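Structure first, then comments.
The values are calculated or read from the model by the stated rules, or taken from the named source; none is laboratory data. Source: prediction; values computed, not measured. Positions of Cβ are backbone-derived with ideal geometry, glycine not excepted, and every protein chain shown enters the neighbour counts. Remember, those area values only see protein heavy atoms, side chains included, never the ligands or the DNA or RNA. Shrake-Rupley method; radii C 1.70, N 1.55, O 1.52, S 1.80 Å.
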Amino acid sequence: MLNSLLPLLIFAALAVGVIGALRRARLWRQGRQTPVVWAHLFLMPKRYLNDLHHVVVRDKAMAHTHVATAGGFVAAMALALVVHGLQWRNPILGGLLLAASAVMFVGALAVNHRRLNPPEKLSSGPWQRLSKSLLAYSVGMFLISLPLVGVAPTVLGGGVLALILLALVAWGLAEMLIGMGWGGPMKHAFAGSLHLAFHRRPERFDDQHRDPNSSERHDAHRGSRSTALFPLDLTAKALGVEKPADFQWQQLLGFDACVQCGRCQSVCPAYAAGQPLNPKKLIQDMVVGMAGGSDARYAGSGHPGLDVGRHHGASNQAIVPRLVEAETLWACTTCRACVEECPMMIEHVDAIVDMRRFLTLERGETPEKGAAAIDNLIATDNPGGLDNASRLDWAADLEIPRIQDRPAGVDVLLWLGDGAFDMRNQRTLRALVKILRAGGVDFAVLGEEERDSGDVARRLGDEATFQRLAERNIATLSRYRFQRIVTADPHSFHVLGREYGDFGGNYHVLHHSTFIAELFDAGRISVAAPAQAETVTYHDPCYLGRYNGEFAAPRQVLAALGLEVAEMARSGYRSRCCGGGGGAALSDVPADLPGRARIPDMRMEDVRETGATTVAVACPQCTAMLEGVVEPRPRIKDLAELVADALVEPVRATNATSAPSQSREEEPA
Amino acid sequence: MPQPEPQAIAKRPHGVKTAALVSSGRHPVSGRAGRAREDARAVEMGLALVGADLSLVHAGDPEQASLRESLEGYLGMYHGLDGGRPGDERDGQLSLLPLRAGEDAVAPLAAWLEQRGVRLALTGQRAECGEGSGMVGYLLAERLGWSIATGIAAIECCDEESVTVLQALPQGQRRRLEIRLPCLIAVDAVAEAPRQSAFGPARRGRIETVDDLLPADESRLDTGSADWRWQPARARPKRLKVVKSTNARDRFKAAAAKSSATGGQVLTDLSPEEAAEKLIDYLRAEKILAQDDQ
Ligand code: SF4
Ligand code: SF4
């Protein structure tokens, strides 16, 4: 009986699964089409073993569990096809099949152990069922294959026991094969593999590595290899994403790959603060929209403050507000923590900005404060609506050279950023100027010709204003000669260095921490040892760290200052956002409702836990957000301020200002 | 004065053709062209009243470089209308009445309003650049024989015959007026803030040039302005009222007061000559006219 029923079962499940898979693929192809390069399928195994595993392995136990379960399953399935399906009852293959099932069983036990007391980030429902189905499949397959190696009692060949075994295997096959095609939890394996192959940002994977010897620091950090937003064609008929079908098909495929592991949820600062955004739920909302239906079957944590089950969507229906509330989209700080942690390489930030683009460009529904900032950017080139000519007012006494007066060019163009209008940040800029002078750096500024980089406008979805600012800045920069740009603002650093390239502006941009570290390395500045030992901690800005992979230079600077750094639990690529990025601070999503915390307060808690009395920062936004935390709290000091305070005048103080800087030799003649 | 409660707009006055007169604005800090602040409020008021049925008109020099940008600012406000369902939305339409140098805007605007059968026209109180005399509304109303109401903060309701509005008075007071149509309404800066101007609708909005409104031979030249001397406007000095009260509330009230109408007198039943006498006396007393002025 078994010998005739089993092949039937396997092939029937396979056939039904394939039909489901084809239908699923049709769902993805509702998205905007791009050419499909089938050869990319061959990239998949390497990307899986290398890049995906790299993320999964951050949770060691889970990585081992997955290797055992998935590896066991793939092997057991392939062997079962040959042995049971094609009836090639070879004892060696049978032995291998037993081994694979056993490995899978061990993995499935671990899965079930984790599911006994599932952490809040995990989804229940079908995912809880999957853990049982894994057991069913592995146990069933193991027992049913025992006769192959001749150890099993022959009673297995017939009777009630055989029926029970068949039922177990059928359950397993239904979950694993049919579920894979028809949208069960195992869909993640199918969609996830294809997503790896056809990922919209191939630069994220090793195989697209441009130049192994490249000095670009961001290559050192995988998460920062491809972080620039995609430019939007402003002449296109529809701007941004209104309905699920407006996403590119790879994005839909990516959403479908989500395993609801909740890693994104547990790192999201907006979620932790009780803002109405849970990145995991958002991705599931996209899946609901793509496939059509309601979110009532979602079995995980929702967007804080919003009930699960009240939203529904269809692939050709507007997403906001029936499927996703606008405030969910505006709560995101674009910190990329979710993208960094996602084992399925899903791009949450791209999706959020795509939907924001539609809201801003087509519906004019940017939150009030954000809209005011955009209006100011259009009228005055800075988000505060201030006279752009006052950009240098803080430096009236410093006699900073203007690049307009240096037709032969300079080594360093100092990009001030909008912090130049902020009194707190002006202290940082003054400190930076002092350091540049002490290091004998040949530098100049654009002054009132500098415009906002367009960062905020772009994250708020106003691609039109961003592109206008970018084009104007690029036109300005093309008139002057400089070797590199240095800025104390990671947002300008990112936008100028990473995002202007799409519009024809290619520059060598350095964050001031990198540049100061270089000055130390070259021995061009020297500092006094700290008077008394002090513990500091360092807060990694998202746009410097995760976006651009610069984790080392700020720490080198602190080490050069002789300061002891106590790292926060969440630092480096796992740094928690200060809450100031991506226009979230302009989003009008109230932070002071019951059950909500302010994101900077939570970050300050992280700081306090280290026992540090000073937190070193490297971004005007972070400075402003953290200084907004009520006293008493640790001091907030920019790296430039710490260095400037400790500077000792070099011995050649008398001719310090006229000493040629080392890099002037590289100047264009 | 009793403070009228603002009422929601009762119903859409279908059939009352409504238009907004818009001009090119000038940003107070950068001087860049864009929506004029009061005109944008007039458009907002019109959109709230009749949705995308609102038509826009501008009379100006079509060759001016930044004109399109300013006008698109208004067209970008055509969103969230018609029940707010995207897809059903209609794009904005603007009629551009080309003016050559030295031509006056009143004649073509009046002709356009008549030709289109407009019965309710909304506009700001004065332009932000150019003459900025604030006279266009009055001249239009005079020429067309319409009613005019200035300093309007809100439209409460509108039917085929009349429109009920709230007029802004100093210190946040409002006066309810019922005005017979056709009528021109000059919107105050305290009216509802204009909605965001979005790039998509701005891009789709249509600007149509209308240049056959007036017979070519009629003189439209604004002869008066030919020999004017132009200089940038300066903010007028503000009269300081020194309040010697020790009471913070009084001092605050004095500081926050716009020129309020207290202490004035209402004169009725005077002959025109007597009225003119009184006015001249007043202007002399305020030292606006010199004593020996005629
Ligand atoms: S989006 Fe990624 S990180 Fe978030 S739940 Fe899904 S797979 Fe996990
Ligand atoms: S980018 Fe940051 S704030 Fe936005 S969803 Fe991801 S983790 Fe949350």
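Just wondering, is there one or more residues in region A:79-92 that are free of Cβ contacts under 8 Å to residues at least 40 places away in the same chain, open to solvent by 60 Å² or more (accessible area, probe 1.4 Å) and not small (Gly, Ala, Ser)?
Scanning region A:79-92, I find at least one residue that is free of Cβ contacts under 8 Å to residues at least 40 places away in the same chain, open to solvent by 60 Å² or more (accessible area, probe 1.4 Å) and not small (Gly, Ala, Ser), so the answer is yes.
So which residues in region A:233-273 are within 16 Å of ligand 2 (Cβ to nearest atom) and open to solvent by 10 Å² or more (accessible area, probe 1.4 Å)?
Once the filter is applied, which keeps residues that are within 16 Å of ligand 2 (Cβ to nearest atom) and open to solvent by 10 Å² or more (accessible area, probe 1.4 Å), region A:233-273 yields A:251, A:258, A:260, A:261, A:263, A:264, A:266, A:267, A:268, A:271, A:272.
Just the residues that are open to solvent by 10 Å² or more (accessible area, probe 1.4 Å) and either over 30 Å from residue B:197 (Cβ atoms) or among the β-branched types (Val, Ile, Thr) (or both), please, taken from region A:488-511.
A:493, A:497, A:506, A:507, A:508, A:509, A:510 - these are the residues of region A:488-511 that are open to solvent by 10 Å² or more (accessible area, probe 1.4 Å) and either over 30 Å from residue B:197 (Cβ atoms) or among the β-branched types (Val, Ile, Thr) (or both).
So which of A:125, A:140, A:150 ends up being out of contact with any Asp or Glu (no Cβ under 9 Å at 6 or more places or on another chain), open to solvent by 50 Å² or more (accessible area, probe 1.4 Å) and among the small types (Gly, Ala, Ser)? Quick ask: steps written out before the conclusion?
Working: A:125 fails: open to solvent by 50 Å² or more (accessible area, probe 1.4 Å); A:140 fails: open to solvent by 50 Å² or more (accessible area, probe 1.4 Å).
Of the residues listed, the single one that is out of contact with any Asp or Glu (no Cβ under 9 Å at 6 or more places or on another chain), open to solvent by 50 Å² or more (accessible area, probe 1.4 Å) and among the small types (Gly, Ala, Ser) is A:150.
What are the residues in region B:119-170 that are within 25 Å of residue B:223 (Cβ to Cβ) and out of contact with any helix residue (DSSP H, G or I) (no Cβ under 8 Å at 6 or more places or on another chain), if any?
Selection gives B:129, B:130, B:132, B:133, B:134, B:135, B:137, B:138, B:141, B:142, B:145.
Could you check, for region A:238-253, whether at least one of its residues is among the aromatic types (Phe, Trp, Tyr) and outside any loop (DSSP other than H, G, I, E, B)? Before the answer, list the steps.
Taking region A:238-253 first, the residues among the aromatic types (Phe, Trp, Tyr) are A:247, A:249.
Subset that is outside any loop (DSSP other than H, G, I, E, B): A:249.
The answer is yes; a qualifying residue exists.
Keeping to region A:373-400, report how many residues are part of a helix (DSSP H, G or I), in contact (Cβ under 8 Å) with a residue 12 or more places away in the chain and among the small types (Gly, Ala, Ser).
Keep residues of region A:373-400 that are part of a helix (DSSP H, G or I), which gives A:373-380, A:388-395.
Now narrow it down to the ones that are in contact (Cβ under 8 Å) with a residue 12 or more places away in the chain: A:373-374, A:377-378, A:388-392, A:394-395.
Restricting the remaining residues to those that are among the small types (Gly, Ala, Ser) gives A:373, A:389-390, A:395.
Qualifying residue count for the region: 4.
Test of understanding: among B:101, B:42, which residue is open to solvent by 10 Å² or more (accessible area, probe 1.4 Å) and away from chain A (no Cβ under 13 Å)? Show your work before the answer.
On the way: B:42 fails: open to solvent by 10 Å² or more (accessible area, probe 1.4 Å).
Exactly one residue qualifies, and that residue is B:101.
Between a first residue in region A:333-350 that is assigned by TED's automatic domain parsing to the domain that holds residue A:257 and a second residue that is near ligand 1 (Cβ under 6 Å from one of its atoms) and aromatic (Phe, Trp, Tyr), which pairs have beta carbons less than 8 Å apart while being 6 or more apart in sequence or on different chains?
none
Could you please let me know if residue A:304 is touching a Leu at 6+ places or on another chain (Cβ under 8 Å), more than 10 Å from ligand 2 (Cβ to nearest atom), at negative phi and not aliphatic (A, V, I, L, M)?
Values: touching a Leu at 6+ places or on another chain (Cβ under 8 Å): yes; more than 10 Å from ligand 2 (Cβ to nearest atom): yes; at negative phi: yes; not aliphatic (A, V, I, L, M): yes.
Yes, satisfied.
Assess whether residue A:350 counts as being more than 9 Å from every other protein chain (Cβ to nearest Cβ) and among the charged types (D, E, K, R). Give the steps one after another, and end with the answer.
Working: more than 9 Å from every other protein chain (Cβ to nearest Cβ): yes; among the charged types (D, E, K, R): yes.
Considered against the rule, which asks whether it is more than 9 Å from every other protein chain (Cβ to nearest Cβ) and among the charged types (D, E, K, R), residue A:350 comes out as yes.
Can you name every residue in region B:20-39 that is part of a strand (DSSP E or B) and more than 14 Å from chain A (Cβ to nearest Cβ)? Give the steps one after another, and end with the answer.
Step one: of region B:20-39, the residues part of a strand (DSSP E or B) are B:20-21, B:24-26, B:33-35.
The answer is B:20, B:21.
Could you list, in sequence order, the residues of region A:405-414 that are part of a loop (DSSP other than H, G, I, E, B) and either among the polar types (S, T, N, Q) or open to solvent by less than 10 Å² (accessible area, probe 1.4 Å) (or both)?
The initial filter retains those residues of region A:405-414 that are part of a loop (DSSP other than H, G, I, E, B), namely A:406-409.
Within region A:405-414, A:409 is the sole residue that qualifies.
Go through (1) open to solvent by less than 10 Å² (accessible area, probe 1.4 Å); (2) more than 30 Å from residue A:353 (Cα to Cα) one by one and return the number of the condition residue A:423 breaks.
Checking residue A:423 against (1) open to solvent by less than 10 Å² (accessible area, probe 1.4 Å); (2) more than 30 Å from residue A:353 (Cα to Cα), the one that fails is (1).
Residue-by-condition table, conditions (1) over 30 Å from the mean Cα position of the chain (by Cα); (2) acidic (Asp, Glu); (3) crowded, with 23+ Cβ neighbours inside 10 Å; (4) part of a strand (DSSP E or B):
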{"site": "A:429", "(1), (2), (3), (4)": "no, no, yes, no"}
{"site": "A:433", "(1), (2), (3), (4)": "yes, no, no, no"}
{"site": "A:453", "(1), (2), (3), (4)": "no, no, yes, no"}
{"site": "A:466", "(1), (2), (3), (4)": "no, no, yes, no"}
{"site": "A:472", "(1), (2), (3), (4)": "no, no, no, no"}
{"site": "A:476", "(1), (2), (3), (4)": "yes, no, no, no"}
{"site": "A:483", "(1), (2), (3), (4)": "yes, no, no, yes"}
{"site": "A:486", "(1), (2), (3), (4)": "no, no, yes, yes"}
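Each row is one residue, and each column tells you yes or no for (1) of a type in the set (S, T, N, Q); (2) within 14 Å of another protein chain (Cβ to nearest Cβ); (3) open to solvent by 60 Å² or more (accessible area, probe 1.4 Å); (4) in contact with a strand residue (DSSP E or B) (Cβ under 7 Å, 6 or more places away or on another chain).
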position	(1), (2), (3), (4)
A:376	yes, yes, no, no
A:383	no, yes, no, no
A:394	no, no, no, no
A:398	no, no, no, no
A:403	no, no, no, yes
A:416	no, no, no, yes
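Residues are listed down the side, and each one gets a yes or a no for (1) outside any loop (DSSP other than H, G, I, E, B); (2) surrounded by fewer than 24 Cβ atoms within 10 Å (Cβ to Cβ):
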position: A:531; (1), (2): no, yes
position: A:537; (1), (2): yes, no
position: A:542; (1), (2): no, no
position: A:547; (1), (2): no, no
position: A:567; (1), (2): no, yes
position: A:578; (1), (2): no, no
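Assuming residue B:59 fulfils every condition listed in (1) in a strand (DSSP E or B); (2) in contact (Cβ under 8 Å) with a residue 60 or more places away in the chain; (3) closer than 23 Å to residue B:116 by Cα apart from one, which condition is it?
So residue B:59 meets the others, but not (2).
Six or more apart or on different chains, Cβ atoms under 9 Å: show the pairs whose first residue is in region B:192-210 and at the interface with another protein chain (Cβ under 7 Å from one of its Cβ atoms) and touching a residue at least 60 places away in the same chain (Cβ under 8 Å) and whose second is in a strand (DSSP E or B) and buried (at least 20 other Cβ atoms within 10 Å of the Cβ).
Hits for this filter: B:197/B:34; B:197/B:35.
Please count how many residues of region A:325-353 are more than 9 Å from ligand 2 (Cβ to nearest atom), out of contact with any Lys or Arg (no Cβ under 8 Å at 6 or more places or on another chain) and open to solvent by less than 10 Å² (accessible area, probe 1.4 Å).
3
Across region A:20-35, what is the total count of residues that are over 19 Å from residue A:287 (Cα atoms) and touching a residue at least 60 places away in the same chain (Cβ under 8 Å)? Quick ask: steps written out before the conclusion?
So the first thing to find is which residues in region A:20-35 are over 19 Å from residue A:287 (Cα atoms), and the list is A:34-35.
Those left that are additionally touching a residue at least 60 places away in the same chain (Cβ under 8 Å): A:34.
The qualifying residues number 1.
Suppose the filter is part of a helix (DSSP H, G or I) and at pLDDT below 90; does residue A:559 pass it? Can you show your working first?
Values: part of a helix (DSSP H, G or I): yes; at pLDDT below 90: no.
When the stated conditions are applied, residue A:559 does not pass them.
Find the residue count for region A:437-451, including only residues that are in contact with a helix residue (DSSP H, G or I) (Cβ under 9 Å, 6 or more places away or on another chain), in a helix (DSSP H, G or I) and not small (Gly, Ala, Ser).
Our first condition is that a residue be in contact with a helix residue (DSSP H, G or I) (Cβ under 9 Å, 6 or more places away or on another chain); within region A:437-451, this holds for A:438-451.
Filter once more, keeping what is in a helix (DSSP H, G or I): A:438, A:447-449.
Checking which are not small (Gly, Ala, Ser) leaves us with A:448-449.
The total comes to 2.
Exposed (fewer than 12 other Cβ atoms within 10 Å of the Cβ), modelled with pLDDT of 90 or more and within 21 Å of residue B:138 (Cβ to Cβ): which single residue out of B:233, B:189, B:276 fits that description?
On inspection, the qualifying residue turns out to be B:276.
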